[in-house]
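Participant: So that we are looking at the same thing, I have put the structure below in structure tokens.
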Amino acid sequence: MDCNINTNSLDARQIQISDFTYDLPDERIAKHPLANRDLSKLLIYKNGLISESVFENLPSEIAAGTTMVFNNTKVIQARLIFHKETGARIEIFCLEPLRPADYNLAFQACGSSSWKCIVGNARKWKSGELKMPFYVEDKEYFLKAEKQEALEGAQEIFFSWNHPDLSFSEVLEQTGKIPIPPYLNRDTEATDLLRYQTVYSKYEGSVAAPTAGLHFTEDVFSHLEAKKIRREELTLHVGAGTFKPVKSEQIGDHEMHTEHIQVTLESLQNIIKLRGQIIAVGTTSVRSLESLYWMGVKILTKKENPHLLEQWEAYQLPADYSRQESYQAICSYMQENDLTLFNVATQIIIAPGYEFKVISGLVTNFHQPQSTLLLLISALVGDNWKKIYQYALKNDFRFLSYGDSSLLMRG
């Protein structure tokens, strides 16, 4: 095949983040979810036109034969609040497992586990062991935390606990708090345990919710199924880097965080067979689907390490392969290596100039000014993102994680 190289990376690197700002008053940020998930407002952008509806009507806006792809990650209770004997409050925010590094094994671990963490009020914790009591059947146990190696922007923490049968997942349920977004400017409440989680969440690992999915209910899923709209799932564990602000003037100077993707061989094979449109539910699903395409290209072109996609790699790889060719390359690679699950990491940044290879549309909430998520929206709809966000602001849409939703279609 005569493959053309995608040469848009230089243009994308020179994008000024100041061009992607808008005025977001604090009162427009939804601090709590609505009582009913599917009664949020829905902005619809198709063929350059904007309209609005209610989220429960989403199935009527999507063509029969479309496939929707969902991120089934589950938010963990990743915030741990310890107190030293002096009374100093130390917050430990679990980011990702180190030993064992596999998410599933880390959550199943009994007795101990090491994690990459952010430590709040670290200056008050120079050394020594922190202890937090928890109770099972009225018997007291302890979760202990000890500092290990200092990491870039983080700290390795060794956790241990003295209940012989509890996994780390179960310990977090006893001791941790759901890490709601910092811009909500409030403490975690009991309702967040349920509402900052999608109804289809399955696999633990995220420290932030794939918020586009928070609007879906079993009723919405029933109507999608009745309309012959297919559903596929993958897993991208959302990291704290999703809230990382862009501090550089040019995007080329911004370092994207790494996120971990898991997808089954069966799901990849199902996507290969699709002939209709693919709509991603959430920016995490977009990044997963598009990253997988480029990982397939890496396999086809015999590039090193198909399990990692670096930040600008997608702009530098051959771009002429079809979605089916690329995904089939991954399937063949998995079969050759006796894999049923493709575990990979991505740092992809999707910015104006990016050429979408998999998705035709996106269900998503409204994102922060000067964020990489807003760049992704602009890559999908061009400068019309300004018109879309202006409409949302003028028509009382609620913004950010607990806010309202939109359906954005390419072309």
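The values are calculated or read from the model by the stated rules, or taken from the named source; none is laboratory data. No experiment lies behind these values; they were computed from the predicted model shown. Here Cβ is always computed from backbone atoms with ideal geometry, including for glycine, and neighbour counts include all displayed protein chains. All accessible areas refer to the heavy atoms of the entire protein, side chains included, with ligands and DNA or RNA removed. Shrake-Rupley method; radii C 1.70, N 1.55, O 1.52, S 1.80 Å.
Participant: How do the pairs read when you match residues in the range 165-192 that are in contact (Cβ under 8 Å) with a residue 60 or more places away in the chain and surrounded by 17 or more Cβ atoms within 10 Å (Cβ to Cβ) with residues anywhere that are in a loop (DSSP other than H, G, I, E, B) and among the aromatic types (F, W, Y), using Cβ under 6 Å and keeping only pairs 6 or more apart or on different chains?
Facilitator: I178/Y196; I180/Y196
Participant: Got at least one residue in the range 346-361 being out of contact with any Lys or Arg (no Cβ under 6 Å at 6 or more places or on another chain), of a type in the set (A, V, I, L, M, F, W, C), within 22 Å of G282 (Cβ to Cβ) and outside any loop (DSSP other than H, G, I, E, B)?
Facilitator: Scanning the range 346-361, I find no residue that is out of contact with any Lys or Arg (no Cβ under 6 Å at 6 or more places or on another chain), of a type in the set (A, V, I, L, M, F, W, C), within 22 Å of G282 (Cβ to Cβ) and outside any loop (DSSP other than H, G, I, E, B), so the answer is no.
Participant: Which residue is surrounded by the most Cβ atoms within 10 Å (Cβ to Cβ), if the candidates are limited to the range 263-294 and must be part of a helix (DSSP H, G or I) and among the hydrophobic types (A, V, I, L, M, F, W, C)?
Facilitator: If we take residues in the range 263-294 being part of a helix (DSSP H, G or I) and among the hydrophobic types (A, V, I, L, M, F, W, C), then V286 is surrounded by the most Cβ atoms within 10 Å (Cβ to Cβ).
Participant: Now for a different question. Name the residue that is nearest to the chain's Cα centre (by Cα), counting only residues in the range 213-243 that are assigned to a strand (DSSP E or B) and within 15 Å of I279 (Cα to Cα).
Facilitator: Going through the qualifying residues, I end up with L234.
Participant: Continuing with the same structure: If I ask for residues that are in contact with a helix residue (DSSP H, G or I) (Cβ under 9 Å, 6 or more places away or on another chain) and of a type outside the set (A, V, I, L, M, F, W, C), which ones from the range 171-188 would you list?
Facilitator: K177, P179, P181, P182, Y183, N185 - these are the residues of the range 171-188 that are in contact with a helix residue (DSSP H, G or I) (Cβ under 9 Å, 6 or more places away or on another chain) and of a type outside the set (A, V, I, L, M, F, W, C).
Participant: Could you list, in sequence order, the residues of the range 121-141 that are loosely packed, with under 15 Cβ neighbours inside 10 Å, assigned to a strand (DSSP E or B) and not β-branched (V, I, T)?
Facilitator: Hits for the range 121-141 are E129, K131, P133, Y135, K139, E140.
Participant: Which of the residues belonging to the range 359-411 are within 17 Å of V69 (Cα to Cα), open to solvent by 10 Å² or more (accessible area, probe 1.4 Å) and among the hydroxyl-bearing types (S, T, Y)?
Facilitator: S360, the sole residue that qualifies.
Participant: Go through the range 308-341 and report how many residues are out of contact with any helix residue (DSSP H, G or I) (no Cβ under 6 Å at 6 or more places or on another chain), under 30 Å from N104 (Cβ atoms) and touching a residue at least 60 places away in the same chain (Cβ under 8 Å).
Facilitator: So the count comes out to 3.
Participant: Among the residues of the range 315-325, is there at least one that is under 25 Å from K273 (Cα atoms), open to solvent by 40 Å² or more (accessible area, probe 1.4 Å) and not in a loop (DSSP other than H, G, I, E, B)?
Facilitator: yes
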